[in-house]
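Read the structure below first, then the notes.
The values are calculated or read from the model by the stated rules, or taken from the named source; none is laboratory data. Because the structure is a prediction, the values reported are computed rather than measured. No Cβ is skipped: glycine too gets one built from the backbone with ideal geometry, and neighbour counts run over all protein chains shown. Ligands, DNA and RNA are stripped out before the accessible areas are found, and what is left, the full protein with its side chains, is counted by its heavy atoms. Shrake-Rupley method; radii C 1.70, N 1.55, O 1.52, S 1.80 Å.
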Amino acid sequence: MKQSACNHAMRQFYQTTTLHGFKYLCSKYYADRIGWLICCCASACCAGVLCAVLWERFLEVPALLTLHDLRSQQETVKMPLVAVCPPAETIAYLFQKKLLINTNVTDRLQTILNHVLRRKDTNKEHLVILEEILFKNNLTLPEALMRVVPPCHSIVKNCRWQSSIIPCGKLFEKELTEWGVCCLSRPDKLKIAENKISRLESKRRLQIAVQCSDQPTLNGCEFYTKFNGEEWVEPMTLSPGYDYLAQMTFTSVVDSDPDKLVDGTCSTADGYSKSRCVLKCKEKACGCSDPLRSKSRNEDSVPPPCLVTQMSCLRRFNFENITCKCLPSCKKVSTFLALESSPMNAFKYTHNEIYAGLNETTSSVLLISIRISGSRIFVVNPTETWITLLSSLGGVFNMFLGVGLFSALEILFLLFVRLPIAIRRSTEIQIPSSVNN
């Protein structure tokens, strides 16, 4: 009786469904049923193969790479962050000049600071020496660096943006960075002069005259540039008495794939970088934050800064016993920098204002030039999304099986309503008959 009720429900479904060919499965002719069963199975197999092909293509994430013409969008091209930093040798000299230090450790101070500021693994004994110096002066490492490094107006002497001489005090501010205390010029500082830039300009130029020490025996300054989206940069050395030309081009790739936002394969947070995420993971494991880093704007809480002797945990940390889910940034920027140098010969006889008041034995002049014509901005636009995938799958199922939204509702109604009712009714009929027997 139960089997008869289920058969009746299935036959009624076959006769009324909108699925292709299924109404012939309950034909009174055996040959028709076999023939249409083969056709339905073949159609289902074809639909399965095509769905597998569509899914494989979706996983490959095909995308259209769009190149933006920067010549028509010059107002969007900005200078990178520019930082001028005193080298470790100069910092060691300033430590000895402005802090209380025992004479028996002065010969090792430069090596210690070079390892610490260059983020290298440092000997435990050297870290103890530096910690004792800081404790003796009642300072932390960032406080000591901020105290000994002179103000930016004495480091960056003269500045020229495009063709105009501008006060360096409006461009550079002293800040704590991953490489110690540096004088930083952020891109938004140059927005004031953007309206003076001609659309015919093919370059962005910032020229600065720098002097990190008044001692001719010491090295000059260090500098680095960083665009928003660059993962990691290292400072480059500027020797005193030389003119430098830094010609730069950049390539920016912005991934606008909305599916990646859903799947969590890249991060779109402003100012996010994978290297900083890895650093946060190390800080969480070590229980303290790197003293040589600035707090981001979107950071709510930061662990207390590490003591100098605790910095070895951050430098030697490995991820064997801990996992960090640090996604790559959806915006990737890479730069090419060619640095050329030439001696500053007879600059005293020139009328160029960038050389005004400089001492050729202790100063350097750096011209940073961003070539717009050689730079590229690419936007990745996906050709396959969840919407296109569902549309393609719907077309395949509809063509081979006639499965649409209403067909799916019919199948669900059969499985969860009609079949359970038929089974319940057959059971109710069987119970009285067994009682009568």
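Structural remarks
- FRET efficiency for Asn352 and Ala269, using Cβ-Cβ distance with R0 set to 51 Å, rounded to 0.05: 0.75
- Nitroxide proxy distance, nm - points 7 Å out along Cα→Cβ at Arg118 and Ser202: 3.9 nm
- Working note: 222 nm ellipticity from helices only, DSSP H runs with n ≥ 4, each -39,500 (n - 2.57), summed and divided by the residues of the chain, gives -11500 deg cm²/dmol to the nearest 500.
- Close amide H contacts of Met344 (hydrogens built in the peptide plane, cut-off under 5 Å, sequence separation of 5 or more or a different chain): Tyr242, Asp243.
- Phi angles of the range 277-293 translate, via the Karplus equation with coefficients 6.51, -1.76, 1.60 and θ = phi - 60°, into HN-Hα couplings of 5, 5, 4, 4, 5, 4, 4, 5, 6, 7, x, 7, 9, 5, x, 9, 7 Hz per residue; Gly and Pro are given as x.
- Cα-based reach from Lys157 at 24 Å (exclusive), listing lysines while leaving out same-chain residues under 8 positions away: Lys78, Lys97, Lys98, Lys170, Lys174, Lys189, Lys191, Lys196, Lys203, Lys226, Lys348
- Label selected from (i) 1.23; (ii) 0.98; (iii) 1.59, the criterion being Cα Rg over 2.2 N^0.38 Å as computed here: (iii)
- Under 5 Å from the amide H of Ile372 lie the amide H atoms of Lys203, Arg204, each residue being 5 or more positions distant or on a separate chain, with H modelled from the backbone and absent for Pro and chain starts.
- The relative contact order of the chain, computed from alpha carbon pairs under 8 Å that lie at least 6 residues apart in sequence, is 27 percent.
- For the range 151-168, Karplus couplings with θ = phi - 60° (6.51, -1.76, 1.60), whole Hz, Gly/Pro x: x, 5, 5, 8, 9, 9, 7, 10, 9, 9, 10, 6, 10, 10, 6, 10, x, 5
- Cβ-Cβ FRET estimate between Lys325 and Ala408, R0 fixed at 41 Å, reported to 0.05: 0.70
- Peptides 240-252, 274-286, 33-45 ranked from most to least packed give 240-252, 274-286, 33-45, packing being the mean of other C-beta atoms within 10 angstrom over each peptide's residues.
- On a per residue basis, the chain carries 56 Å² of accessible surface, using protein heavy atoms and a 1.4 Å probe.
- For the peptides 303-310, 359-366, 416-423, the ranking by packing is 359-366, 303-310, 416-423, with the highest mean count of neighbouring Cβ atoms within 10 Å listed first.
- Simple spin-label estimate for Asp188 and Gln12 gives 7.0 nm between the two label positions (7 Å along the Cα-to-Cβ direction from each Cα).
- Maximal additional length on extending the Glu340-Val253 stretch stands at 28.6 nm, based on 0.36 nm per residue less the C-alpha distance.
- Stretch gain in nm, segment Asn102-Glu173, where the contour uses 0.36 nm per residue and the Cα spacing is subtracted: 22.4 nm
- Subset of Lys120/Lys280; Lys274/Lys332; Lys120/Lys331 violating a 21 Å alpha-carbon distance limit: Lys120/Lys331
- Pairwise label distance in nanometres, Arg424 with Arg315, each label 7 Å out on the Cα-Cβ vector: 7.4 nm
- Pairwise FRET efficiency - Ala44 versus Lys136, Cβ, R0 = 51 Å, nearest 0.05: 0.05
- Gyration tensor verdict on the range 359-418 (Cα atoms; rounded if a/c is under 1.5, prolate if a/b is larger than b/c, oblate otherwise): prolate
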